[in-house]
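Working notes, beginning with the structure itself.
The values are calculated or read from the model by the stated rules, or taken from the named source; none is laboratory data. Because the structure is a prediction, the values reported are computed rather than measured. A quick note on method: Cβ atoms are made from the backbone with ideal geometry, for glycine too, and the neighbour counts reach across all protein chains shown. Quick note on the areas: whole protein, heavy atoms, side chains included, nothing else; ligands and nucleic acids left out. Shrake-Rupley method; radii C 1.70, N 1.55, O 1.52, S 1.80 Å.
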Amino acid sequence: MDEKRKLLNSQIAWARERSPFYAYLPTKPLASLRELRDIPLLSAEDLPRTLCVSPGEVRRVVTLATSGTTAERKRLCFTENDLRGTVEFFRDGMHTLCDAGDVVGIFMPGTSPDGLCDLLSRGLEGFGAEPLVYGAVRDYDDAAAVCRRRRPAVLVGFPVQMRALSLLHPELRPRRVLLSADYCARSSVGTIARSWGCEVYVHYGMTESGYGCAVETPARRGMLPREDMLLETLPDGELVLTTLRREAMPLIRYRTGDLGELTEDGRLLRVLGRKSEAAKPVSIMALDEALLAADEVLDFEAAFSDGRLFIKVVGSVRGLPAEIGGFPAEYEIVDSIPFGGKRQVIMR
């Protein structure tokens, strides 16, 4: 912890000296990590003012999606060293799950240069694994055909997509699966492990963290955060992120908008979903837990209106609950659900 305290003080000094916005940061080094909680919180609206390098030092710019049509679009900037930190985290984390020579199927979006798939691929190549970048799954039979041809030992993908692939094609049987980029229901982990007879792990990350943040390892003691990041929770369970080596946009007590549980030694025990989603009458997390326990449900999309849930289901609705969270549920069977990244309950 003493090493992290030194890194934290260096990050605070860097931010304070290079960004007028961060002038409020303390000039005296923190004597302990506990003193970090005395520093004001950072929100998504503050991000544009945290830039600490010149435009010429920025290697990658990512525009964050915002809610509404009038909100200012928020851009995140990363230097070469910022991206290198993510590559190193992916390298070290993935090396606990696979070995040199293993093929790793990456079923995630973000295939542009310096994007998620590129950074993950570079991390895998760092210890001799072979990345197989497929992208998000839009055709499960095609994804299965690629797996049969290339035989990846490890698959990385969205929880709901990897679950559906495991139910539709149980013959694939990868050695391990890493789930990321969305809420992961407990039942989904169990379904994938049972269908494929494999080990299943969970990763937590966001664009603001440079995609990588914390990953579960074979030790099974929660998700281990990056060495260059700190996580804490607010009284309501919201996760707060602090970077320790970020150059372009240091994040000092950044409110992630995600809910989670931490162990006493700072490991991420579980991510409970988006705070904004949990505030809805029925959240996508509650629906995942209620519906994805049934193998007959491959995917679903939900809307809430006038006290009722309207749920489109890929698969069968036989045996599904007539109400969820105290609200009546009406079901409709459809052939497919368009991929849209993070899932949520649509409020009408």
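Can you confirm whether residue 327 is of a type outside the set (A, V, I, L, M) and open to solvent by 30 Å² or more (accessible area, probe 1.4 Å)?
Working: of a type outside the set (A, V, I, L, M): yes; open to solvent by 30 Å² or more (accessible area, probe 1.4 Å): yes.
The answer is yes for residue 327.
Would you tally the residues in region 206-220 being among the acidic types (Asp, Glu) and closer than 15 Å to residue 342 by Cβ?
Within region 206-220, the subset among the acidic types (Asp, Glu) is 208, 216.
Then drop every residue that is not closer than 15 Å to residue 342 by Cβ, which leaves 208.
Of the residues in region 206-220, 1 are among the acidic types (Asp, Glu) and closer than 15 Å to residue 342 by Cβ.
Please state which one of 247, 261 is open to solvent by 10 Å² or more (accessible area, probe 1.4 Å) and in contact with a Leu (Cβ under 8 Å, 6 or more places away or on another chain).
Working: 247 fails: in contact with a Leu (Cβ under 8 Å, 6 or more places away or on another chain).
One residue alone meets the criteria, 261.
Return only the number of the condition from (1) within 27 Å of residue 123 (Cβ to Cβ); (2) of a type outside the set (A, V, I, L, M, F, W, C); (3) at pLDDT 95 or above that residue 37 does not satisfy.
(1)
Residues are listed down the side, and each one gets a yes or a no for (1) surrounded by fewer than 17 Cβ atoms within 10 Å (Cβ to Cβ); (2) without any contact (Cβ under 8 Å) to a residue 24 or more places away in the chain; (3) β-branched (Val, Ile, Thr):
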| position | (1), (2), (3) |
| --- | --- |
| 106 | no, no, yes |
| 125 | yes, yes, no |
| 129 | no, no, no |
| 135 | yes, no, no |
| 152 | no, no, no |
| 155 | no, no, no |
| 181 | no, no, no |
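Each row is one residue, and each column tells you yes or no for (1) crowded, with 16+ Cβ neighbours inside 10 Å; (2) touching a Leu at 6+ places or on another chain (Cβ under 7 Å).
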residue	(1), (2)
6	no, no
24	no, no
30	yes, yes
40	no, no
47	yes, yes
82	yes, no
86	yes, yes
100	no, no
110	yes, yes
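Tell me whether region 261-275 contains one or more residues that are farther than 26 Å from residue 193 by Cα and touching a strand residue (DSSP E or B) at 6+ places or on another chain (Cβ under 7 Å).
To start, the set of residues in region 261-275 that are farther than 26 Å from residue 193 by Cα comprises 264-266, 275.
Add one more test, that the residue is touching a strand residue (DSSP E or B) at 6+ places or on another chain (Cβ under 7 Å), and what stays is 266, 275.
Checked region 261-275: at least one residue is farther than 26 Å from residue 193 by Cα and touching a strand residue (DSSP E or B) at 6+ places or on another chain (Cβ under 7 Å).
Give me the pairs, please: first residue somewhere in region 16-36 and more than 16 Å from residue 244 (Cβ to Cβ) and assigned to a helix (DSSP H, G or I), second residue anywhere and open to solvent by 50 Å² or more (accessible area, probe 1.4 Å) and not acidic (Asp, Glu), beta-carbon distance under 6 Å, and either six or more positions apart or on two chains.
Within 6 Å, the pairs are 21/49.
Hey, residue 106 hits all of (1) among the β-branched types (Val, Ile, Thr); (2) farther than 25 Å from residue 193 by Cβ; (3) under 18 Å from the mean Cα position of the chain (by Cα); (4) modelled with pLDDT of 95 or more but one; which does it fall short on?
Just one mismatch for residue 106, condition (2).
Out of all the residues in region 197-244, which are over 22 Å from residue 96 (Cα atoms) and not in a loop (DSSP other than H, G, I, E, B)?
In the first step, residues of region 197-244 are kept if they are over 22 Å from residue 96 (Cα atoms); the result is 207-208, 232-244.
Correct list: 207, 208, 232, 233, 238, 239, 240, 241, 242, 243.
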